[in-house]
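Data first, discussion second: the structure below is written as structure tokens.
The values are calculated or read from the model by the stated rules, or taken from the named source; none is laboratory data. Note that this is a predicted model, so its numbers are computed, not measured. Virtual Cβ from ideal backbone geometry, glycine too; neighbours counted across all protein chains shown. Heavy atoms of the whole protein, side chains included, go into the accessibility calculation; ligands, DNA and RNA do not. Shrake-Rupley method; radii C 1.70, N 1.55, O 1.52, S 1.80 Å.
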Amino acid sequence: MPAALNNFKTTLEDLTTTTANVYTPPVGYSTVVLMAQVSNTGNSTVQISAGVNRSNNYTSLINLASVPVNDAITVLTGRLILNFGDTLQFASSANNSSQLVLSYLETLVTGS
């Protein structure tokens, strides 16, 4: 069966104090990240950091952004393009306090 040309997906992740590789596009696909939102489900304000690691070069999207209790932060204000080998990374200042919702579109890269 041939690979699908386009795949809409959502990833749910509980963030921790250890920087996590939340998403890497699969081989043969580029990805458009449509939405990344982190909610604070804990009892105190948390700080969220996120970035893209490309070829061992880290670029911060947000760094220690404060999210009050029972609130959320939108990490992206536009779309983010990721290629195979890129990694989207997230971390929180507290364990068991932050939840990420990541929505994206994987598109098969075809030769021209």
All-but-one check, SER93 against (1) polar (S, T, N, Q); (2) closer than 20 Å to THR45 by Cβ; (3) open to solvent by 60 Å² or more (accessible area, probe 1.4 Å), failing number (3)
Quick one: in segment 45-79, of everything that is in contact with a Gly (Cβ under 6 Å, 6 or more places away or on another chain) and surrounded by 11 or more Cβ atoms within 10 Å (Cβ to Cβ), which residue is farthest from ASP14 (Cα to Cα)? TYR58
Of all the residues that make up segment 28-68, how many are under 15 Å from LEU102 (Cβ atoms), β-branched (Val, Ile, Thr) and without any contact (Cβ under 8 Å) to a residue 60 or more places away in the chain? 3
Do you know which of the residues in segment 6-42 that are loosely packed, with under 11 Cβ neighbours inside 10 Å and farther than 14 Å from TYR104 by Cα is farthest from the chain's Cα centre (by Cα)? VAL27
